[in-house]
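The values are calculated or read from the model by the stated rules, or taken from the named source; none is laboratory data. Owing to the predicted nature of the structure, the values given are computational and were not obtained by experimental measurement. No Cβ is skipped: glycine too gets one built from the backbone with ideal geometry, and neighbour counts run over all protein chains shown. All accessible areas refer to the heavy atoms of the entire protein, side chains included, with ligands and DNA or RNA removed. Shrake-Rupley method; radii C 1.70, N 1.55, O 1.52, S 1.80 Å.
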Amino acid sequence: MSKIWVGTNWKMTKTIGEGISYTKELKQVANELTSNIELFIIPSFTALVDIKKEVAETRIKLGAQNMHWEDKGAYTGEISPRMLNEIGIDLVELGHSERRQYYNENDSDINKKVVSALKHGMKPLVCIGEEIEQKNNFISFEILAAQLKVCLKGLSEEDAKQVLVAYEPVWAIGEKGIPADSNYVGEVHTFLRHTLVEMFLESGYEIPLLYGGSVNLDNFLKYINHQDVNGLFVGRTAWDLETFTVLLHELEKHLYS
Ligand code: 13P
């Protein structure tokens, strides 16, 4: 897999104005990067329309942080795939651990969203990850396999080619997160690749497997060095564009020069 996916989930941090300023600068950085790096940003819903205008005609892909699976209906506070399509969204992040933890999303819900995103021509970015108790009880692989099997249930080989998977161990994410050991990440990604190939004989090799959780300037090269890590999904380190720019340039130098 030659392309490396690098992107950031802004979570609930940037206003529309802050998002626009960030994106204007990121466009310049993007122009300097090789086309082997697939760059994406995932702003808040309120900023999507304005940021779409900024990234139109650029190589930066635009994502949403969540969506409902129904096309329309009485679901107060939700955003439907039709609404995201109207904006021209490329990808939809589904099943982030914060959605699972605070809003009780489960793998079956995520599966409905994955199917719906595909139906509307958007790439699902499916987040999976084990909790610390599960890791300590040595059942990470079982948990992750179950998450993949339920979240991607019923997909055809063609569908699977549109999917991205992000492995984000719950215990490694956010302010209280502990950065994962890179060998552990490598082992998990190899296992995830085997599981995907078992599920999708043809396309299993093509599904980009991103790593996320406390990715920072000190550790990102160790993660990306593993064969089955095909990208990085970055939170805090990318919210400051200066740091993200350093990461992108160093990554490019490491991989392609
Ligand atoms: P942090 O990089 O801030 O740990 O967040 C990662 C993440 O949740 C990406 O979706």
Once you have the Kirkwood Rh of the chain from its Cα pairs, apply Stokes-Einstein at 37 °C and 0.692 mPa s and quote D in µm²/s.
179
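Which chymotrypsin sites (Phe, Trp or Tyr not before Pro) from region 197-257 combine a DSSP loop assignment with at most 13 other Cβ atoms within 10 Å? Display every interim value, and only then the final one.
Working: sites: F200, Y205, Y211, F220, Y223, F233, W239, F244, Y256; in loops: F200, Y205.
Qualifying residues, ordered by number: Y205.
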Length-normalised contact order for the chain - Cα pairs under 8 Å, 6+ apart - percent:
18
Whole-Å distance linking the alpha carbon centroid of region 205-257 with that of region 41-94 is 24
What GluC sites (Glu not before Pro) does region 134-228 have in DSSP loop regions with at most 16 other beta carbons within 10 Å?
E175, E202, E206
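Are there any chymotrypsin sites (Phe, Trp or Tyr not before Pro) in region 116-197 that are in a DSSP loop and have at most 12 other Cβ atoms within 10 Å? List them by number. If you can, show how the numbers build up before the last one.
Working: sites: F138, F141, Y167, W171, Y184, F191; in loops: F138.
Answer by residue number: F138.
How big, in percent, is the set of alpha carbon pairs in region 77-173 lying more than 21 Å apart? Working shown, then result.
Numbers: 1515 of 4656 pairs.
Percentage above 21 Å: 33.
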Rg/Rh of region 116-158 (Cα atoms, Kirkwood Rh), to two decimals, equals 1.11
Using +1 at the C-beta of Lys and Arg and -1 at the C-beta of Asp and Glu, which of G19, S35, P169 has the Cα lying farthest in the positive direction of the dipole of the chain?
G19
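Between E187 and I139, take the C-beta separation as r, use R0 = 22 Å, and let me know the FRET efficiency to the nearest 0.05.
0.95
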Cα lying deepest toward the dipole's positive end in region 1-96, options A47, W5, N66, charges on Cβ:
W5
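Report the gain in length on full extension from V150 to T58: 0.36 nm times residue separation, minus Cα-Cα distance, nm rounded to one decimal.
Numbers: separation 92, 0.36 × 92 = 33.12 nm, distance 3.45 nm.
Roughly 29.7 nm would be gained on extension.
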Heavy-atom surface of the chain, accessible at 1.4 Å and reported per residue (Å²)
46
Expressed in µm² per second, the diffusion coefficient of region 180-257 from the Stokes-Einstein equation, with Rh the Kirkwood radius over alpha carbon pairs, at 20 °C and 1.002 mPa s, is 162
Tell me, what is the 1.4 Å probe accessible area of D181, in Å² to the nearest 10?
90
Hey, with R₀ at 30 Å, roughly what FRET efficiency would Q28 and K253 work out to, going by the Cβ-Cβ distance, to 0.05?
0.95
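Where Lys and Arg each count +1 and Asp and Glu each count -1, what net charge lies around K53 among other residues with Cβ under 13 Å from its Cβ? Can you show the working numbers first?
Values: positive: K24, K27, K52; negative: D50, E54, E57.
That works out to 0.
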Between D71 and H194, what is the label-to-label distance in nm when each label sits 7 Å out along the Cα-to-Cβ direction?
4.2
Quick check: Cα centre of region 96-165 to Cα centre of region 172-189, how many Å?
18
